[in-house]
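Derivation of every value follows stated rules applied to the coordinates shown; laboratory data play no part. Quantities reported herein were computed from a predicted structural model and do not represent experimental measurements. Glycine gets a Cβ as well: all are built from the backbone with ideal geometry, and neighbour counts include every protein chain shown.
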Amino acid sequence: MRMLVIFIFLSLFGVKVSLAHEGERHIESQPPTLVEDASLLKAINAEYLATIKPIFRRACFDCHSTQTQYPWYHNIPGIKQWIDSDIKEARKHLDMTNDFPFQGHGSPQKDFEAIRKTIQQNTMPPFRYKMMHWDAGLTASEKEGVLKWIDDNQKKVQN
Ligand code: HEC
């Protein structure tokens, strides 16, 4: 019996600290909020990769990432400059190249807010883009999915 008590005591305090956390000690020495933030953002990104990224890849990446698939008319002088400056402007606001958290606005909170607005107001992708890419508009259920991802996660991020 006494051995059992000692064993439990050891496994709760001694062994757990010395063995299980051995490899993570460098993380534990950081302020706890940073670790929480990082794993929270990772979790939000995991959801993004599974459900939202395929939608954004089709409808947003041509302008909001470095993975632009240029249309044939990109070669036409004048049009080329117009498209290039459109992409530059788009990426300045919101760059999805490296997944979530995005770059551009500088905070996940602001990104969520801005994306929610464009989805609700149906302003992205822009009409001029949908004219040439007839399949780029978001379906009702895709919009619902994006808004749900935002609703589920926006309140969790501080800024
Ligand atoms: C044809 C290029 C193009 C495509 C495709 C596109 N955007 Fe944009 N987007 C822009 C440009 C240009 C801007 C910056 C100027 C503006 O706000 O209209 C922008 C700005 C934004 C902003 C920032 C608005 C703000 O208030 O700062 C968000 C959010 C956004 N886009 C979301 C999206 C999403 C989500 C998609 C896909 C569903 C998408 N965009 C597809 C060109 C594009």
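Observations on the structure shown:
- Look at segment 97-109: where a residue is of a type in the set (K, R), no partner that is more than 12 Å from the ligand (Cβ to nearest atom) and assigned to a loop (DSSP other than H, G, I, E, B) sits 6+ places away or on another chain with Cβ atoms under 8 Å.
- Within segment 98-122, tally of residues that are of a type in the set (V, I, T) and in contact with a helix residue (DSSP H, G or I) (Cβ under 8 Å, 6 or more places away or on another chain): 2
- Looking across I55, I83, I87, one residue alone is crowded, with 16+ Cβ neighbours inside 10 Å, in contact with a His (Cβ under 7 Å, 6 or more places away or on another chain), touching a residue at least 12 places away in the same chain (Cβ under 8 Å) and over 13 Å from H133 (Cα atoms). It is I83.
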